[in-house]
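In what follows, a structure is listed as structure tokens, so that the remarks can point back to it.
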Amino acid sequence: MAKDKKKLKPAKVNIKNKRAEYDYFVIDSYTAGIVLSGTEIKSIRAGKAGLVDTFCFIDKGELWVKNMYIAEYEFGSYNNHAVRRDRKLLLNKKEIRALQNETRTPGFTIVPLRLFINDKGLAKLVIGLCRGKKEYDKRATMKEKEDKRELARTMMKRY
């Protein structure tokens, strides 16, 4: 008799770019696939990746992410990957053209917001079409967050 094998669910990987929320207004967001090698996906599943100082650019009709950190896989051999190489993102041509037209406008850029593993086990990157914040916008955002925290504290004290 064969035993029922339970499907092991991988740990939830959800790596955020916290700096992007602080520095940019997100106008629109897209979910893109990433072209990765074998050791890169293993490192991402282990949660060893970062989106700090990462940005996207369009070159010859293809969308690329630059400066994305994925740690070397500790059990990888000579097949290990470069830590900060350019990686291709997968979007439809229509979406890439729309992003390209929007980024021609001064002040707009494409920034990675979140890296996650979907239900099928594929790595996905949420990218956002963003506009940079001024210093006074950043202060207003910080004030709003502080006000929300204070309101939550007073509501918790009440109950």
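The values are calculated or read from the model by the stated rules, or taken from the named source; none is laboratory data. Note that this is a predicted model, so its numbers are computed, not measured. Glycine also receives a Cβ, built like all others from the backbone with ideal geometry; neighbour counts cover every protein chain displayed. The protein model used for the area step is the full one, side chains on, heavy atoms only, and it has no ligands, DNA or RNA in it. Shrake-Rupley method; radii C 1.70, N 1.55, O 1.52, S 1.80 Å.
Helical content of the chain, expressed as a calculated mean residue ellipticity at 222 nm, amounts to -9500 deg cm²/dmol (DSSP H runs of 4 or more residues, -39,500 (n - 2.57) each, divided by residue number, nearest 500). Selection among ALA49, HIS81, TYR69 by position relative to the dipole of the chain gives ALA49 as farthest towards the positive end (Cβ unit charges, Cα centre). Label 7 Å along Cα→Cβ of PHE57; the range 85-101 residues with amide nitrogen under 14 Å? Only 85-88 pass the distance filter. Loop-located trypsin sites (Lys or Arg not before Pro) across the range 72-159 with a Cβ neighbour count of 12 or fewer within 10 Å are ARG104, LYS120, LYS134, with loop assigned by DSSP. Evaluated with a Cβ-only charge set (Lys, Arg +1; Asp, Glu -1), the chain carries a dipole of roughly 640 debye about its Cα centre, given to the nearest 20. When the residues VAL35, VAL111, VAL52 are ordered by accessible surface, computed with a 1.4 Å probe over the protein chains alone, the sequence from largest down reads VAL52, VAL35, VAL111.
Candidate cross-link partners of LYS145 among the aspartates and glutamates, defined by an alpha-carbon separation under 13 Å and a same-chain spacing of 8 or more, comprise GLU21, ASP137. The residues of the range 1-117 present an accessible area of 69 Å² per residue when probed at 1.4 Å with all protein chains retained.
When only the Cβ of Lys, Arg, Asp and Glu is charged (+1, +1, -1, -1), the dipole of the range 58-146 relative to its Cα centre reaches about 340 debye.
Sparse packing (at most 10 other Cβ atoms within 10 Å of the Cβ) combined with a DSSP loop state is found for the following chymotrypsin sites (Phe, Trp or Tyr not before Pro) in the range 77-135: TYR78. Can you classify the chain as rounded, prolate or oblate using the Cα gyration tensor, where a ≥ b ≥ c are the square roots of its eigenvalues, rounded means a/c under 1.5, and otherwise it's prolate if a/b beats b/c and oblate if not? Oblate.
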